[in-house]
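The values are calculated or read from the model by the stated rules, or taken from the named source; none is laboratory data. A quick note: this is a predicted structure, and the numbers were derived from the prediction, not measured. Methodologically, a virtual Cβ is constructed for each residue, glycine included, from the backbone with ideal geometry; neighbour enumeration extends over all protein chains shown.
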Amino acid sequence: MLQKTNRLTLVEQVALQMESLIESGKWTVGMRIPAEPELMAELNVSRNTLREAIRALIHAGLLKTKQGDGTYVCSSSALGVVLQKRILRSDTLQTLEVRHALEREAAHLAAQRRTSDEAQELLLQLERCEAAAANGDIDRFVTEDIRLHQSIVTSSHNEVLIELYDHIAEASQDSITSMTRYEVDTEFIEIHRQLVEAIVEQDAARAAAAVHRYISQSKAVLVAEGGDQL
């Protein structure tokens, strides 16, 4: 027998309002949230209600309290927290397979939907990657390579895919960085140029194929370096 639905408690309402501030970007990751008196006045709630809501968001992994300093945003969404916990329990190969699926579809969609401005930005971002590699600046190359892939995903114009990829990339940052350090060679750079050029030329099949090639290369590097020990 169906039960009557319960209305949200005041604590739940406050927590949802604060969560929406985080997910909308008004409260960014790393930001210290306003002090209790300010939040109590703005939300028109008691100190106990506010503290319960904050505790709920801390438990959800969105906020963290630094003793004697304040409460800070530590994740942009509850989804990000869940994915991060799940990825930490997964091996590098599984994470790479997920990236394969997401990046291949993103490249395919980006080739169909990218704007002229996005095409130009992808070419500029590719040049930044190539310049870093040519200068032997591996740290810079890793940073620019991640930005390139995020730009490709953004060009897909699929909001769910963009959000999901952002969280996956954030949660798997260490493994992505480790893999990229091993892969910086002429072939790796050339595949990425083929990927960007395919998107610019709106050749979706060729863009997806380029993703398949560099992910396959990453898998080969992973095996050669001893599996999940990167």
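Please pick out the residue among Glu103, Glu38, Glu52, Glu42 that is over 17 Å from the mean Cα position of the chain (by Cα), touching a residue at least 24 places away in the same chain (Cβ under 8 Å) and in a helix (DSSP H, G or I).
Glu52
Annotation note: Cβ proximity below 8 Å between a residue of the stretch 175-197 that is outside any helix (DSSP H, G or I) and a residue that is at pLDDT 65 or above and surrounded by fewer than 19 Cβ atoms within 10 Å (Cβ to Cβ) (sequence gap 6+ or interchain) occurs for Val184/Ile138. Based on what the data block shows, is Asp91 surrounded by fewer than 17 Cβ atoms within 10 Å (Cβ to Cβ) and touching a residue at least 24 places away in the same chain (Cβ under 8 Å)? Yes.
Have a look at Ser116, Ser156, Ser172 and point out the one that is within 30 Å of Ser24 (Cα to Cα), modelled with pLDDT of 95 or more, surrounded by 19 or more Cβ atoms within 10 Å (Cβ to Cβ) and among the hydroxyl-bearing types (Ser, Thr, Tyr).
On the way: Ser116 fails: surrounded by 19 or more Cβ atoms within 10 Å (Cβ to Cβ); Ser172 fails: modelled with pLDDT of 95 or more.
Only one candidate qualifies: Ser156.
Can we say Leu96 is of a type outside the set (Gly, Ala, Ser), surrounded by 15 or more Cβ atoms within 10 Å (Cβ to Cβ) and at pLDDT below 90?
Yes.
Look at (1) part of a helix (DSSP H, G or I); (2) among the small types (Gly, Ala, Ser); (3) in contact with a Leu (Cβ under 6 Å, 6 or more places away or on another chain) and you find that Ser75 fails only one, number (1). Residue count for the stretch 12-30 under the criterion of being loosely packed, with under 12 Cβ neighbours inside 10 Å and assigned to a loop (DSSP other than H, G, I, E, B): the result is 5. There is at least one residue in the stretch 86-94 that is small (Gly, Ala, Ser) and over 19 Å from His192 (Cα atoms).
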